[in-house]
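This report concerns only the one structure given below.
The values are calculated or read from the model by the stated rules, or taken from the named source; none is laboratory data. This is a predicted model, so every value here is computed, not measured. Cβ coordinates were reconstructed from backbone atoms using ideal geometry, including for glycine residues, and neighbour counts include every protein chain displayed. These accessible areas exclude ligands, DNA and RNA; they are computed on the full protein's heavy atoms, side chains included. Shrake-Rupley method; radii C 1.70, N 1.55, O 1.52, S 1.80 Å.
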Amino acid sequence: MNFDLAGKTALVTGASSGIGSHFARAFAATGTNLILVARRTEKLEALASELRKQNGIDVHVISQDLSEPGAAAAVEHQLLDQQITVDVLVNNAGFGTNARLVDEDRARLHAEIALNVSTLVDLTAAFLPGMVARDSGIIVNIASTSAYQPVPGMAVYAATKAFVLSFTEAVWGETHNTGVRVFAVSPGSTDTEFFDIAGSQSPGKRVPASNVVDVTLAAISARKSVPSVIVGARNRITASLVTFIPRRTVITLAGSIFLPRG
Ligand SMILES: NC(=O)c1ccc[n+]([C@@H]2O[C@H](COP(=O)([O-])OP(=O)(O)OC[C@H]3O[C@@H](n4cnc5c(N)ncnc54)[C@H](OP(=O)(O)O)[C@@H]3O)[C@@H](O)[C@H]2O)c1
């Protein structure tokens, strides 16, 4: 696909740390203007001023709790007021919780579903029509390798990511013959604040967040549009093996990794 990022505007949610901040740096390096969204304003402002200085791009900061009802509309209205068009949307903000369902905090589960699912759908639905009308745009939804099987110990998180994968692939099916490219990216264990926030250990070695960005940028510029990509050869093999192994074995194996001990 011939999509030149220079001079375009990318909105990255969850840009205050981890994978999102790497997306922001990578886009900035290509001359893409940015809209950075998350809750930690100081982190967003620090990144914004660094990227403005280094790359001479426009960077807007939107401090927004994306788990709140109406969060996507609030972001959309701010951008409409400032007459900013979003050419690239990266729905990256998300978090996981690692506990048995009987021990989970229900308010936290609601926030997890609202952020990982509801706001991701709202933002996609908010910005896709403009992209389709212009016959140009990119939407990247960050799923996870946990989307490929149920995960005892992270039941809600894995279900939110299965939703992201299914939803995004379906929207790919609605748009792939247009100038808009919509796809899901599924990272495996990645070196970010994710596991501290989830209260869990990562299974296996964590890869740098830049790997996720590199795989995404390659999918954006690839000739052929794909509905989803998985980061890392081992993760790609595991995701395809899962379809051949009996379901109860897959679930038991996932639980042996993620169920809290004791
Ligand atoms: N790290 C991994 O191993 C891994 C693997 C697979 C998928 N993923 C996915 O990758 C994405 C990025 O996570 P990460 O690994 O980079 O973790 P991270 O370092 O914890 O980053 C999460 C980002 O989401 C933002 N965020 C969290 N809650 C928010 C809220 N209520 N409103 C607005 N923004 C919020 C955080 O910003 P504030 O705290 O400033 O709001 C932060 O910028 C997530 O969707 C995650 O599920 C991660």
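Sequence neighbours fewer than 8 away in the same chain don't count; with that in mind, list the lysines whose C-alpha is under 19 Å from K8.
Partners found: K53.
Considering only protein heavy atoms, with the full assembly of protein chains and a 1.4 angstrom probe, order V180, V121, V102 by accessible area, largest first. Working shown, then result.
Working: V180 5, V121 40, V102 135 Å².
Per-residue accessible area, sorted high to low, gives V102, V121, V180.
Can you give me the accessible area per residue for the chain, using a 1.4 Å probe, in Å²? Kindly include the intermediate steps, with their values, before the conclusion.
Values: 12480 Å² over 262 residues.
Ligands and nucleic acids excluded, the result is 48 Å² per residue.
So for each of 39-48, 156-165, 82-91 I average, over its residues, the number of other beta carbons within 10 Å; can you give me the resulting order with the highest mean first?
Working: 39-48: 16.2, 156-165: 22.3, 82-91: 19.3.
Going from most to least packed, we get 156-165, 82-91, 39-48.
Starting at 0 and stepping by 5 Å, how many percent of the alpha carbon pairs of region 43-106 end up in each bin?
Per 5 Å bin, starting at 0, the Cα pair percentages come out as 3, 12, 16, 20, 20, 10, 7, 6, 4, 1, 0.
Please list 187-195, 13-21 highest first by mean number of surrounding beta-carbon atoms within 10 Å per residue. Each step should come with its number before you reach the end.
Details: 187-195: 19.7, 13-21: 25.6.
Taking the mean over residues of other Cβ atoms within 10 Å, the ranking is 13-21, 187-195.
With a sphere of radius 10 Å drawn around the Cβ of P260, what net charge do the other residues whose Cβ falls strictly inside it have (Lys, Arg +1; Asp, Glu -1)?
On the way: positive: R100, R261; negative: D103.
Neighbourhood net charge equals +1.
With a 1.4 Å probe and every protein chain kept in, tell me what percent of the accessible surface of the chain is carbon plus sulfur. Walk me through the numbers before you get to the answer.
Numbers: 6720 of 12480 Å².
Of all accessible area on the chain, carbon and sulfur atoms account for 54 percent.
Tell me the relative contact order for the chain as a rounded percent, counting alpha carbon contacts under 8 Å between residues six or more apart.
Values: 487 pairs, mean separation 50.6, N = 262.
For the chain, the relative contact order is 19 percent.
Where Rh is the Kirkwood radius over the Cα pairs of region 162-262, the temperature 20 °C and the viscosity 1.002 mPa s, what D in µm²/s does Stokes-Einstein return? If you can, show how the numbers build up before the last one.
Numbers: Rh = 15.5 Å.
Here the translational diffusion coefficient equals 138 µm²/s.
Work through the residues other than S67 whose Cβ is under 10 Å from its Cβ and net out their charges, Lys, Arg +1 and Asp, Glu -1. Please list the in-between numbers first.
Details: positive: R39, R108; negative: D65, E68, E112.
Cβ neighbours under 10 Å give a net charge of -1.
Based on a Kirkwood Rh over C-alpha pairs, give the Stokes-Einstein translational diffusion coefficient of region 111-153 at 4 °C and viscosity 1.567 mPa s in µm²/s.
Working: Rh = 12.2 Å.
In µm²/s, the coefficient rounds to 106.
Å³ per residue of the Cα convex hull, for region 45-190? It would help to have the intermediate numbers written out before the result.
On the way: hull volume 18.9 nm³, N = 146.
Normalising the Cα hull of region 45-190 by residue number yields 130 Å³.
For the chain, report the % of Cα-Cα distances exceeding 34 Å.
Values: 4830 of 34191 pairs.
Value for the chain (Cα pairs over 34 Å): 14 percent.
Would you please put 226-235, 28-37 in order of how densely packed they are, using the mean number of other Cβ atoms within 10 angstrom per residue and starting with the highest?
My ranking of the peptides, most packed first, is 28-37, 226-235.
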